[in-house]
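The values are calculated or read from the model by the stated rules, or taken from the named source; none is laboratory data. It should be emphasised that the depicted structure is a prediction, and the values quoted were computed from it without experimental measurement. Here the Cβ is made from the backbone with ideal geometry for all residues, glycine too, and neighbour counts use every protein chain on show.
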Amino acid sequence: MKIKKSNLLYLVGILLIILLAGSFVISKSENLSNVSGTVYNGDVQIVKLSVQNGNYVLEPSEFKEGVLVRIEADLSNMPGCSRSVVIPSFKVSKTFSSNNNIIEFIPDKAGTFNIVCSMNMYSGKFTVLEKNGTKSDYVEQKINSGSSCGAGGGCGCGG
Amino acid sequence: MALNEFVKELNGERIEGEIIKTLMVSLITSFLTLFLIYYIKLRDMNNFISDYGFFLFFAVLSYALIMPSIRQVRAFKQFPCMTGMMIGMTIGMSVGIFLGYFNGRCCGIMGIMEGLMAGFMGGLMGAMTAIMMYNDNLKLAGVIIFVICSVILLGLNYMLYKETKFEERIHYEDQFITIVLSFLLTVLSIWFMVFGPKGVLFQ
C-alpha cells in the first residue's frame, strides 16, 4: 500500500517524538527501592511480623535509625492481602510468598511510622529511634483504614 | 472490504486522512506542555520523573489516540443513537466523565448518559485497580491496558468511518480543539498526579 508523503512524515515524526520522550523518561528514572536484596555487612535488626486481630504486629516494634532492618513474616497467620506489605515512608513494598518472606530496608529517618497492606486493610505501627537511642516526636499521620471494600480485613473485592 | 477502504482513507481526503496528523499535533502539544511545566516548575522536585514519568508518558499517548476520534465525531456532528452510545462509552471510559459527555452529546441523551456512566465507572475502576495491583506489576498492567485501549480506540475510528461512509462532512476545522484539549488534559493530569490527593500507597 502506498503511503502519502505527508502521512509518512507524520508517522516518522510520531515515532521520533515517542522515542525521544520515552528515552528521556527511562534515562531519568531510577530505581528508588531500598528493599531486600541488599548485601549489608553491618548490624542487622531482626523483626518478626505477624497479624493479630486484623492488625500487623512487629516484635520488637522499635528499631534504630541507620541500621538494617530485616522483617521476617510469619505467613502461617497472614491471610489474603496481609501478605502484601507496604511501608510508604520508606518506599518499601513486597508481597510475601512461602519461599520469600523477608523484607530488608534501612530506616533513614526517626519517628513512628505506619505499615499497611496493599489495600490499606491491615495496619500497624513501628518506631524508629534516633541514632542516639532517643525517641523522635515525629508521628506519621494515621492512614484512614478501610479501603473501598469496607472495613474488616476482607480484601480482594473488586469491580 | 470496509477495513481495507478505511486503511486506504487514512491517505485520502476525508476526515480519516487527518487522523495521523491529529495524532502528531496532539503528541507535540502534550509533550511540549509536559516538558515546559517540567523545566519551569517541577525540575527541582525530587524523583518527579521516576515517580510520575511513566504514567504521564502513557497518559499523553492515550490523549493522542483519543484526539482523532474527537475530531472525527466533530466532523459529522450527528450520529444514530447506537453510535452515540458507543462513542460516549469508548471515550468516556478512556478519559473520563467530561470528554465522555462532550462526545456523547452529538447523539442525544443516550450518548450523554453513556458518556457520563462510562467516565464515572472508568475513573473509579482505574483508581481501584491501581490500588489492588500495587504489588502486582502495576506498570506492566498499565502498558497492557494502554495497548487494549488503543485497539478499541482504533476500532472506534473504523466504526465511525463505516457509519459516515456515505455522508458529507458538515464541520471543517483546524487543529485548535486538538491543541486545547491536549494541553488541558496534560496539565490536568500533571496537576492531579503531583498535587492532587493521593492514597497512602502513592504518597
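Among the residues of segment B:185-195, how many are surrounded by fewer than 16 Cβ atoms within 10 Å (Cβ to Cβ) and either hydroxyl-bearing (Ser, Thr, Tyr) or closer than 14 Å to residue B:32 by Cβ (or both)?
Residues in segment B:185-195 being surrounded by fewer than 16 Cβ atoms within 10 Å (Cβ to Cβ) and either hydroxyl-bearing (Ser, Thr, Tyr) or closer than 14 Å to residue B:32 by Cβ (or both): 1 in total.
Test residue B:51 against the criterion of being outside any helix (DSSP H, G or I), of a type outside the set (Ser, Thr, Tyr) and either at pLDDT 85 or above or surrounded by fewer than 23 Cβ atoms within 10 Å (Cβ to Cβ) (or both), and give yes or no.
Judged against the criteria, residue B:51 is not a match.
For residue A:109, state whether it is under 28 Å from residue B:51 (Cβ atoms), touching a residue at least 24 places away in the same chain (Cβ under 8 Å) and over 15 Å from the mean Cα position of the chain (by Cα).
Yes; evaluated as a whole, the condition is true for this residue.
Considering only segment B:166-184, I want to know if a residue exists there that is in contact with an Asp or Glu (Cβ under 8 Å, 6 or more places away or on another chain), more than 14 Å from chain A (Cβ to nearest Cβ) and either buried (at least 18 other Cβ atoms within 10 Å of the Cβ) or among the hydrophobic types (A, V, I, L, M, F, W, C) (or both).
There is no residue in segment B:166-184 that is in contact with an Asp or Glu (Cβ under 8 Å, 6 or more places away or on another chain), more than 14 Å from chain A (Cβ to nearest Cβ) and either buried (at least 18 other Cβ atoms within 10 Å of the Cβ) or among the hydrophobic types (A, V, I, L, M, F, W, C) (or both).
Which of (1) over 25 Å from residue B:138 (Cβ atoms); (2) within 14 Å of chain B (Cβ to nearest Cβ) is the odd one out, the single condition residue A:55 does not satisfy?
Only one criterion in (1) over 25 Å from residue B:138 (Cβ atoms); (2) within 14 Å of chain B (Cβ to nearest Cβ) is unmet by residue A:55, namely (2).
Checking residue B:36 against (1) assigned to a helix (DSSP H, G or I); (2) touching a residue at least 40 places away in the same chain (Cβ under 8 Å), only one condition comes out false. Which one?
(2)
So, residue B:4, is that one within 12 Å of chain A (Cβ to nearest Cβ), of a type in the set (S, T, N, Q), without any contact (Cβ under 8 Å) to a residue 12 or more places away in the chain and not in a helix (DSSP H, G or I) or not?
When the stated conditions are applied, residue B:4 does not pass them.
Give the residue, chosen from B:135, B:103, that is modelled with pLDDT under 75 and within 14 Å of chain A (Cβ to nearest Cβ).
Going through B:135, B:103 in turn, the sole match is B:135.
With (1) surrounded by fewer than 20 Cβ atoms within 10 Å (Cβ to Cβ); (2) modelled with pLDDT of 85 or more; (3) more than 30 Å from residue B:112 (Cβ to Cβ) as the list, and residue B:58 as the residue in question, which single condition is left unmet?
Answer for residue B:58: the failing condition is (3).
Hey, does segment A:27-42 have a residue that's within 14 Å of chain B (Cβ to nearest Cβ), assigned to a strand (DSSP E or B) and modelled with pLDDT under 90?
no
Rundown of residues vs (1) among the acidic types (Asp, Glu); (2) at the interface with chain A (Cβ under 10 Å from one of its Cβ atoms); (3) buried (at least 18 other Cβ atoms within 10 Å of the Cβ); (4) within 18 Å of residue B:151 (Cα to Cα), yes/no style:
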| residue | (1), (2), (3), (4) |
| --- | --- |
| B:10 | no, yes, yes, yes |
| B:22 | no, yes, yes, yes |
| B:25 | no, yes, yes, no |
| B:33 | no, no, yes, no |
| B:38 | no, yes, yes, no |
| B:84 | no, no, yes, no |
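On the given criteria, is residue B:119 in contact with a Gly (Cβ under 6 Å, 6 or more places away or on another chain) and modelled with pLDDT under 70?
no
I'd like the residue in segment A:113-138 that is within 16 Å of residue A:60 (Cβ to Cβ) and within 16 Å of the chain's Cα centre (by Cα) and, out of all such residues, is farthest from the other protein chains (Cβ to nearest Cβ).
Result: A:126.
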